[in-house]
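Here the structure is laid out as structure tokens; the discussion comes afterwards.
The values are calculated or read from the model by the stated rules, or taken from the named source; none is laboratory data. Owing to the predicted nature of the structure, the values given are computational and were not obtained by experimental measurement. Heads up, the Cβs are rebuilt from the backbone with ideal geometry, glycines too, and the neighbour counts pull from every protein chain shown.
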Number of protein chains: 2
Amino acid sequence: MADEPSAPTLHALSRSQAVDPSSQVARFGADEPLELDCGKAIAPWQIAYETYGTLNADKSNAVLICHALTGDQYVASVNPVTGKPGWWERMVGPGCPVDTDKYFVICSNVLGGCMGTSGPASLNPETGEPYALTMPVVTIRDMVRAQARLVDRLGIDTLFAVVGGSMGGMQVLQWAASYPERVFAAVPIATGARHSSQNIAFHEVGRQAIMADPDWCDGAYIEAGKRPVKGLAVARMAAHITYMSDSSLHRKFGRNLQDRDDLTFGFDADFQIESYLRHQGMTFVDRFDANSYLYVTRAMDYFDLAAEFGSLPLAFHDTKTRFCVMSFTSDWLFPTSESRMIVKALNAAAANVSFVEVDSDRGHDAFLLDVPEMFSTIRGFITGAARARGIPAPGPARPAAADAAQTATGGAD
Amino acid sequence: MADEPSAPTLHALSRSQAVDPSSQVARFGADEPLELDCGKAIAPWQIAYETYGTLNADKSNAVLICHALTGDQYVASVNPVTGKPGWWERMVGPGCPVDTDKYFVICSNVLGGCMGTSGPASLNPETGEPYALTMPVVTIRDMVRAQARLVDRLGIDTLFAVVGGSMGGMQVLQWAASYPERVFAAVPIATGARHSSQNIAFHEVGRQAIMADPDWCDGAYIEAGKRPVKGLAVARMAAHITYMSDSSLHRKFGRNLQDRDDLTFGFDADFQIESYLRHQGMTFVDRFDANSYLYVTRAMDYFDLAAEFGSLPLAFHDTKTRFCVMSFTSDWLFPTSESRMIVKALNAAAANVSFVEVDSDRGHDAFLLDVPEMFSTIRGFITGAARARGIPAPGPARPAAADAAQTATGGAD
């Protein structure tokens, strides 16, 4: 792997991307503040994004993709830090279910993130130093507000579709609830209308692991020239377990030993699962900012649409948006019961909703992996919605097997 | 709570208990080494234990209780560090399912533990300093070997019953497999015949959290006068989530806020579940040794009866022991499928086995809580086995409601 950048290089790349991203950036000046749920506002601020495909003349073919906790705007193009392909290249691209030959796809880094949208790793305009904990705590609604400002800036009134999994699905639901007239179709995948007690608990463990690391320096590690790599790695390891199912872990690793024939009677990584988790932890710290991890997990914890609107059906009152809700059988982080709660509320609101529980043993991460039923379902839903919206049909069809042709990489959530 | 000892006092108590426990202690001299699976031996060594009830004349009424990961010998008496009641006082005591009016109950601290049995917090006889990481890594079989030496010392040939949950259940299975002639009845609860990949993963997160704490000092924190409290607390928090079910967390905490009317938009414990987890972490560090946590989790990870015997049925080949295997519907750490694997192997070995899956939404911790069906099942099984063994009936019956009369405290695993 001689061509891969080394960890310090990766980290330096990651730092520079937080401030000056390689992607497109919409900048909002001191006179264009972003008002936040906490009552504060930030200005100037910016949102980093990528686009794919071409906006049509009547601006009716825009699709917004919302990323998950540690995702980014590089949904279908190479990540400039890791050099890896886009995180959802099976879903978004020419001939894919979200077909960039037909749709104009926008994907932005979330507010509070660390890939160029304003967040704790960005420079606080008042001090010229990184915000760190002086960044106000943000919510999923704040993330969506920021996206709406970007969509305004792009001159788009109504999004044809908003699509996302996990925290991306939360944003989808928030879009549909906050801006019902601006969302023609919504695809919330492997998500919930609120963060459960168990999920808050796992996030809290991750945050405590970060904050327990003395190199976290009460959040001011960038100025101190330090990095809470151990704490952030532990946070990632704990989270990563929740992204996989017991059975997929068993199938993938079982109790297999790592490069050895027998137990070593020590605390090295005897088992493959230990080695795998350590690797997940150590690679994560080079591409992600620890304070961003605090902010983005907090935004998820705070998410509770029913609390915002009084009840979940009220969140979708009189909605015209058509929904495709999807869950995975082995997802225990956002189990099917959470999706059913959304579907029941949509039914109570007399909304147009399809619901598919996809059979998969790959746990929560299934939405990022090569799961043909997910692709065919979303392809079908998007195509039907495009017909209803009157978006012209795309060019000649690609080979039918395209959905399953790419190899799985997985792991990013 | 003015009468409760403060944290530093608790910790000092805990340290002294590791070396010089309040309970009974069986000491084995330099000429009585304990041979371990790793190929090393320790000598001199000791095992701390408590007993309840009276051994009958033919020594046929001895019951060994095996404790779980962070348990101790104080199964039915006050813990000298915390001042809290025994961890299984509903199960073990006068008139309880394991009736101390009838049986002679033994409960010892596990090898590798920190309540007086030899472990990393004990003094290394070669140096006079705490073993720390110079303590050899131990296995469940080593724990059981140590217990067998204690049982020998007490002059008992055959145990009437061996009973335990979680890691205690692993010891029960190991007893039945290693010493089939010495176990009349075996009650493995909420356990498995091997540690799963997911369970190893959670343990590895805990160990990494401890070892990431600079106050761990590469294991030599006692000599350094430090304590890796933050790392150990994070480990406990992560583990504690796995002891509860999603639905019990939802029922107990939901998204309720902690002593506040609204979100604070910060990283304090806004939610009750966060406050609860932090409390679990911080109280744990005062009563448990961080290195012991490494050793005992490692022993669980290494447990794999099928690997030891070639197959699980071979582990129980020709066994005369009668088994009562129990699982709980909402236990996702040791789900019913793990118990079924044990039962299938016992069936394949033509063993005498009852299997009960108890309906409970309280997750893995159910075995420590007030679950009447568990008590009545175990009472019935033990009573039947006592009849088969020819142990005289106990005195006059206690009130029938005794099983459910005590209030739940829970939380220790």
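Observations on the model:
- Some residue of the range B:65-74 being among the hydroxyl-bearing types (Ser, Thr, Tyr), modelled with pLDDT of 95 or more, touching a Leu at 6+ places or on another chain (Cβ under 8 Å) and within 21 Å of B:ASP142 (Cβ to Cβ): no
- Note on the range A:204-219: among residues that are charged (D, E, K, R) and within 18 Å of B:ALA209 (Cβ to Cβ), the one that is nearest to the other protein chains (Cβ to nearest Cβ) is A:GLU204.
- In the range B:191-203, residue farthest from B:VAL172 (Cα to Cα) [restricted to those that are in contact (Cβ under 8 Å) with a residue 12 or more places away in the chain and facing chain A (nearest Cβ under 7 Å)]: B:PHE202
- Residue, surrounded by the most Cβ atoms within 10 Å (Cβ to Cβ), within the range B:235-267, restricted to residues that are more than 7 Å from chain A (Cβ to nearest Cβ) and β-branched (Val, Ile, Thr): B:THR242
- Count of residues meeting criterion [in a loop (DSSP other than H, G, I, E, B) and crowded, with 24+ Cβ neighbours inside 10 Å] in the range B:47-69: 2
- Taking the listed residues B:ASN199, B:ASN256, the one that is under 21 Å from B:PHE303 (Cβ atoms) and at pLDDT 95 or above is B:ASN199, with no other qualifying.
- Considering residues of the range A:91-147 that are of a type in the set (A, V, I, L, M) and assigned to a loop (DSSP other than H, G, I, E, B) only, the residue surrounded by the most Cβ atoms within 10 Å (Cβ to Cβ): A:VAL110
- Remark: pairs (first residue in the range B:268-292, within 8 Å of chain A (Cβ to nearest Cβ) and touching a residue at least 24 places away in the same chain (Cβ under 8 Å); second residue surrounded by 21 or more Cβ atoms within 10 Å (Cβ to Cβ) and among the acidic types (Asp, Glu); Cβ separation under 8 Å; 6+ apart in sequence or on different chains) = B:ILE273/A:GLU204; B:LEU277/A:GLU204; B:ARG278/A:GLU204.
- Filtering the range A:116-130 to residues that are over 17 Å from the mean Cα position of the chain (by Cα) and more than 19 Å from B:ASP268 (Cβ to Cβ) leaves A:ALA121, A:SER122, A:LEU123, A:ASN124, A:PRO125, A:GLU126, A:THR127, A:GLY128, A:GLU129, A:PRO130.
- Scoring B:LEU13 on the criteria (1) part of a loop (DSSP other than H, G, I, E, B); (2) over 30 Å from B:GLU308 (Cβ atoms) leaves a single failure, condition (1).
- Annotation note: of A:GLN280, A:GLN272, the sole residue that is within 30 Å of B:ALA299 (Cα to Cα), surrounded by fewer than 24 Cβ atoms within 10 Å (Cβ to Cβ) and in contact with a strand residue (DSSP E or B) (Cβ under 8 Å, 6 or more places away or on another chain) is A:GLN272.
- Test for B:PHE184: is it of a type outside the set (A, V, I, L, M) and in contact with a strand residue (DSSP E or B) (Cβ under 6 Å, 6 or more places away or on another chain): yes
- Of all the numbered requirements in (1) of a type outside the set (Phe, Trp, Tyr); (2) under 17 Å from the mean Cα position of the chain (by Cα); (3) at pLDDT 95 or above, A:ILE42 misses one, and that requirement is (2).
- Selection count where residues are buried (at least 20 other Cβ atoms within 10 Å of the Cβ) and without any contact (Cβ under 8 Å) to a residue 60 or more places away in the chain, scope the range B:349-367: 4
- Residue list for the range A:14-46, restricted to those being away from every other protein chain (no Cβ under 14 Å), within 28 Å of B:ASP270 (Cβ to Cβ) and surrounded by fewer than 18 Cβ atoms within 10 Å (Cβ to Cβ): A:PRO33, A:ALA43
- For the range B:128-141, the criterion of a residue being in contact with a helix residue (DSSP H, G or I) (Cβ under 6 Å, 6 or more places away or on another chain), within 9 Å of another protein chain (Cβ to nearest Cβ) and of a type outside the set (A, V, I, L, M) is satisfied by at least one position.
- Of the residues A:LEU263, A:LEU257, A:LEU312, A:LEU346, the single one that is of a type in the set (A, V, I, L, M, F, W, C), under 30 Å from A:THR82 (Cα atoms) and more than 22 Å from the chain's Cα centre (by Cα) is A:LEU257.
- Lone unmet requirement of (1) within 17 Å of B:GLN174 (Cβ to Cβ); (2) in contact (Cβ under 8 Å) with a residue 60 or more places away in the chain for B:PHE328: (1)
- Candidate set: the range B:220-234, residues that are within 9 Å of another protein chain (Cβ to nearest Cβ) and of a type in the set (Gly, Ala, Ser); chosen: the one surrounded by the most Cβ atoms within 10 Å (Cβ to Cβ): B:GLY231
- Any hit, the range B:305-313, residues being of a type outside the set (Val, Ile, Thr), surrounded by 22 or more Cβ atoms within 10 Å (Cβ to Cβ) and more than 9 Å from chain A (Cβ to nearest Cβ): yes
- Qualifying positions in the range A:328-357 - outside any helix (DSSP H, G or I) and within 14 Å of chain B (Cβ to nearest Cβ): A:SER330, A:ASP331, A:TRP332, A:LEU333, A:PHE334, A:PRO335
- Residue match in the range A:229-245 (condition: over 27 Å from A:LEU173 (Cα atoms), in contact (Cβ under 8 Å) with a residue 40 or more places away in the chain and of a type in the set (Val, Ile, Thr)): yes
- In this entry, B:ASP318 passes the filter for residues that are on the phi > 0 side of the Ramachandran plot and either more than 10 Å from every other protein chain (Cβ to nearest Cβ) or touching a His at 6+ places or on another chain (Cβ under 8 Å) (or both).
- For first residues located in the range B:335-348 and touching a residue at least 12 places away in the same chain (Cβ under 8 Å), partners that are aromatic (Phe, Trp, Tyr) and surrounded by fewer than 20 Cβ atoms within 10 Å (Cβ to Cβ) and lie 6+ apart or on another chain with Cβ distances below 9 Å form the pairs B:SER339/B:PHE355; B:ARG340/B:PHE355; B:ILE342/B:PHE355; B:VAL343/B:PHE355; B:LEU346/B:PHE355.
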